Amino acid sequence: MEINEKLLKPYDPTNTEKRIYELWEKSGFFNPDNLPDERKDAFTIIMPPPNVTGVLHMGHALMITLEDIMIRYKRMSGFKTLWLPGTDHAAIATQSKVEKEIQKKEGLSRHDLGREEMLSRVRTFAQESHDTIVSQVKIMGASCDWSREAFTLDEKRNLAVNTIFKKMYDDGLIYRGNRIVNWDPKGQTTISDDEIVYQERMSKMYTFKYSKDFPIAISTTRPETKVGDVAVAVHPEDIRYKEFVGKEYDLEFCGVPIHIKIIADSAVEKDFGTGALGVTPAHSMTDWEIADRHNLLRPQVINEYAKMSVGGENLLGKKVTEAREIVAAWLREQNLLEKEEDVKQNIGTAERTGGIIEPLPKLQWFIDVNKPIPERENKTLKDLMREPFENSEIQIIPDYFSKTYFHWIENLRDWCISRQIWYGHRIPVWYKNEEIFVGIEKPDGDDWKQDEDTLDTWFSSGLWSFSTLGWPEKTKDLETYHPTDVLETGYEILFFWVARMVLMTKYALNEIPFKKVFLHGTVRDGQGRKMSKSLGNGIDPLDIAEKFGADAGRMALVVGTAPGTDSKVSEDKIKGYKNFANKIWNITRFVLDNVSEDNFENEVENELTKEFKKIIEDITADMENYRFHLASEKIYHFIWHRFADELIEESKEIIKAGGEKAEERKNTLVSIWKDCLKVLHPFMPFVTEEIWSILPIKDRNLLIIEKWPFDHAQDKPQ
RNA sequence: GCGCGAUUAGCUCAGUGGUAGAGCGACCCCUUGACGUGGGGUAGGCCGGGGGUUCAAUCCCCUCAUCGCGCACCA
């Protein structure tokens, strides 16, 4: 057969991939509305929206690869496939990134710029970042429906956010309260428990008495907070202290008058330190809860800038770290210090700014996770998050992650959703004198002033599975594609995101958001280190696509990477799959070189095609069961080491000898090779599509909509 | 402290209740018209230790050790 000129040179992914992607986009097949035939069953994945904080990294590349594999496989299997892409405004992450840049380049803070100017700067940055991300997603070969693209902060999503906020407020699930929160003094905002990163540091533990006359010694690593103490708590069964419980003392501690009551509370560990806990309600989560139980005062002694807000000249206005030294020195001087020891301590820092978290009481908005919801059979939001996993409506892959999930739910506290930043969904609450209005839009009349705060970015992310489909409107999309089939994401955001999507979706629609959660691990460098800017060991997916082709990068990411486990990627590994792309290029050349167009028309069945059918059956089972790491390896292995190394090698003799056997062999090669390309297509879409376009097939479709070569509808209804 | 995972060839990792697998690397051979981005071959593993269940365990159970991760935190 006459050979296509392209095949005479080695495979060139760089030029091919771009052209092929345009071909797919033009075909319209990314959009399920345009798919041929009657397709009844939908298969839906909503893409976890990358943050508009910069560019894509290998983790995104893995996510896109896995989702694209699922979507392409299902599209070829006759499903009405929707893969809906989008991006996340990532409120605090994006704003703090832009703030840092402005600070660095212009020496200005956001307050120097003002709310409107700052927001406009952030929006510009977000737009640029968005454009970059979209082009990168395309380079990876993602067959997602761009006509339905969404953004967590666009108008439609804002309507969804405000609608559900109002609903939760009306149901009493959202409340405004003065409670202790995690305050980030550096970012000047609250953050949720999940945005805290604990760092181990050495610090000093001081054991001392408030005064000479006080009967009990206490231990602390934060003596400066002790000017805010209102009680000393001991365990109810601690005989050492029983006689003191109930007594009250008026003292002066480092120049500040304090009133201490001795109380018994079982939250206190008898064996820790002196077994007595100085209770500082305003600056410790545990102590706040103790104060709740014992009805204690909660004097605040530290302000939003992590400086002392009480005391005389010696303390007032001092940073907490300075105040710590001052109080310690005072204790030594007064001879009150009994012990001073070095201890390891986990210190909470803000994920985005690195600021040391200062627990403070603040007036904020919260979601109550323990309140019964009448229209949900009096279940709590916690219940709604837990149940779909308990009764297997939602399955996590790999399933051992469900244990981690349950563990997290158990420890869940009310979710603080208000943030003192500007970029994000503004809280849909308006105030006028003593009045408060919660609604989807600004109320009529003048003088209404909207709440200054914005919502935690995970609030809008939690709606993602249905806000993207048009909710609160009753759309056709919502009816067709919800609940979605798979949520594919990294295990590190199981709590941040997965749990919150379940919460929001169960609450808003009384449906699960997805049937399966497929978790992937972290992509590490060849030595197993996390890729990071500071280490400079990051691999840029774009460089990879440029150098080796996106197909090669995709294979390197997915072969052998079991769900939920971390993987290592090196350029060597990727290079191997570039070679593989070239291999199948040359296999095609051999096949076309040795067969005629007639061989493409002939049906054939023999031992070899039967053997191959078994392989496809096996691979299909892997695809159905989300074992893409095995499926990809199997087709790779078959093509290279069975088809090329053995079948082609022995074909040389057979074809040379000629006759009937030669013809049958040619038919066999063509038949198997066509199906190899189909099976490989979800993994290496570009090179397979390119080769498909070269094969002499009559009435050819694009490979993207060719039928998967195994009819599992009869064998394995999934 | 509680929980989860890992421990398999030199390296990176799959995998299965029935005499151990891949990729890369190493060594030897092949400069044969699809491809040297190639082909053929060789070496190399008491499948972390100990115990148990079983006719049979790398796989299931218990336990220990080491590493990693998550959560909670001790004030």
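Coordinate-derived values only; no laboratory data. Because the structure is a prediction, the values reported are computed rather than measured. Positions of Cβ are generated from backbone atoms using ideal geometry, with glycine treated the same way; all protein chains shown enter the neighbour counts.
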Next item on the list: For region A:342-416, just list the percent of Cα-Cα distances falling in each 10 Å bin from zero outward, please.
Entry: 14, 31, 32, 20, 3, 0
Check: Between A:Gln395 and residues 5 or more places away or on another chain, which pairs have amide H atoms under 5 Å apart, with H built 1.01 Å from N, and which residues are they?
Finding: A:Lys516, A:Val517
Notebook entry, point to check: What GluC sites (Glu not before Pro) does region A:238-286 have in DSSP loop regions with at most 11 other beta carbons within 10 Å?
Noted result: A:Glu269
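Determine Rg/Rh for region A:509-568; Rg is computed over alpha-carbon atoms and Rh is the Kirkwood hydrodynamic estimate from the same atoms.
Working: Rg = 15.0 Å, Rh = 13.5 Å.
When Rh is taken as the Kirkwood radius, the ratio is 1.11.
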Checklist line | 16 Å tail of the calculated P(r), region A:36-81, as % of Cα pairs | finding: 46 percent
Next item on the list: Holding the Cα-Cα limit at 24 Å, pick out from A:Lys568/A:Lys634; A:Lys74/A:Lys613; A:Lys583/A:Lys678; A:Lys105/A:Lys307; A:Lys138/A:Lys578 the pairs that are longer than that.
Entry: A:Lys105/A:Lys307
Next item on the list: Please report how far the C-alpha centroid of region A:354-397 lies from that of region A:229-260, rounded to the nearest whole angstrom.
Entry: 36 Å
Item checked: Computed log₁₀ I(q)/I(0) - Debye formula, equal Cα scatterers, no solvent, region A:154-292, q 0.18, 0.22 Å⁻¹ -> -1.08, -1.41
Checklist line | A:Glu650-A:Asp33 pseudo-label distance in nm [points 7 Å out on the Cα-to-Cβ vector] | finding: 5.3 nm
Next item on the list: Using per-residue counts of other Cβ atoms within 10 Å, averaged over each peptide, order A:362-371, A:92-101 from highest down.
Entry: A:92-101, A:362-371
Item checked: Mean residue ellipticity (222 nm) of chain A, computed from DSSP H runs ≥ 4 via -39,500 (n - 2.57), nearest 500 -> -12000 deg cm²/dmol
Next item on the list: Return the long-range amide H neighbours of A:Leu82 (sequence gap of 5 or more, or a different chain), with a cut-off of under 5 Å between placed amide H atoms.
Entry: A:Phe43, A:Thr44, A:Ile45
Next item on the list: Name the shape class, rounded, prolate or oblate, that the alpha-carbon gyration tensor gives for chain A, where a ≥ b ≥ c are the square roots of its eigenvalues, rounded holds for a/c under 1.5, and otherwise prolate holds if a/b is larger than b/c and oblate otherwise.
Entry: prolate
Next item on the list: Could you state, as a whole-number percent, how many of the C-alpha pairs of region A:1-123 are farther apart than 20 Å?
Entry: 64 percent
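Determine Rg/Rh for region A:624-709; Rg is computed over alpha-carbon atoms and Rh is the Kirkwood hydrodynamic estimate from the same atoms.
Details: Rg = 14.4 Å, Rh = 14.2 Å.
Value, to two decimals: 1.02.
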Margin query: At q = 0.11, 0.22 Å⁻¹, what log₁₀ I(q)/I(0) does region A:52-129 have when each alpha carbon counts as one equal point scatterer in the Debye sum?
Written below: -0.45, -0.98
Next item on the list: Apply the Karplus parameterisation 6.51 cos²θ - 1.76 cosθ + 1.60, with θ equal to phi minus 60°, to every residue of region A:445-459 and state each ³J(HN,Hα) to the nearest whole Hz, in sequence, with x for glycine and proline.
Entry: x, 8, 6, 7, 10, 6, 3, 6, 7, 10, 8, 3, 4, 6, 5
Notebook entry, point to check: What shape does region A:564-663 take by its C-alpha gyration tensor, where a ≥ b ≥ c are the square roots of the eigenvalues and a/c under 1.5 counts as rounded, a/b above b/c as prolate, and the rest as oblate?
Noted result: oblate
Item checked: In nm, spacing of pseudo-spin labels at A:Asn391 and A:Lys661 (7 Å Cα→C-beta vector) -> 6.4 nm
Next item on the list: Post the alpha-carbon centroid distance, region A:93-136 to region A:408-436, in whole angstrom.
Entry: 23 Å
Notebook entry, point to check: Could you give me the ³J(HN,Hα) list for region A:308-319, computed from phi with Karplus coefficients 6.51, -1.76, 1.60 and θ = phi - 60°, whole Hz, x at Gly and Pro?
Noted result: 5, 10, 9, x, x, 3, 5, 10, 3, x, 7, 4
Checklist line | Protection proxy ranking of A:524-530, A:380-386 - average other beta-carbon atoms within 10 Å, highest first | finding: A:380-386, A:524-530
Check: Which whole-number percentage describes the relative contact order of region A:177-316, with Cα contacts under 8 Å and a sequence gap of 6 or more?
Finding: 24 percent
Check: What does a probe at A:Arg201 reach in region A:298-339, counting residues whose amide N is under 20 Å from the point 7 Å along Cα→Cβ?
Finding: A:301-309, A:317-329
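For chain A, what does the relative contact order come out to in percent, with C-alpha contacts under 8 Å and a separation of six or more?
Values: 1261 pairs, mean separation 123.4, N = 718.
For chain A, the relative contact order is 17 percent.
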Notebook entry, point to check: When the Cα centres of region A:465-519 and region A:644-675 are compared, how far apart do they sit, in Å?
Noted result: 49 Å
Notebook entry, point to check: Using the reciprocal of the averaged 1/r over all distinct C-alpha pairs, how large is the Kirkwood radius of region A:543-618 in Å?
Noted result: 15.3 Å
Check: With θ set to phi - 60° and the Karplus curve 6.51 cos²θ - 1.76 cosθ + 1.60, what are the ³J(HN,Hα) couplings of region A:124-140 in order, to the nearest whole Hz, using x for Gly and Pro?
Finding: 4, 4, 4, 5, 4, 4, 4, 4, 4, 4, 4, 5, 5, 4, 5, 4, 6
Check: Based on the mean of other beta carbon atoms within 10 Å per residue, what is the order of A:55-61, A:262-268, A:278-284, most packed first?
Finding: A:278-284, A:55-61, A:262-268
Next item on the list: Looking at chain A, send over the antiparallel percent of its DSSP beta bridges, to the nearest 5.
Entry: 70 percent
Note to self: Quick check: from the Cα gyration tensor, does region A:380-506 come out rounded (a/c under 1.5), prolate or oblate?
What the structure shows: prolate
Checklist line | Under 5 Å, built H, 5+ apart or other chain: amide partners of A:Leu463 | finding: none
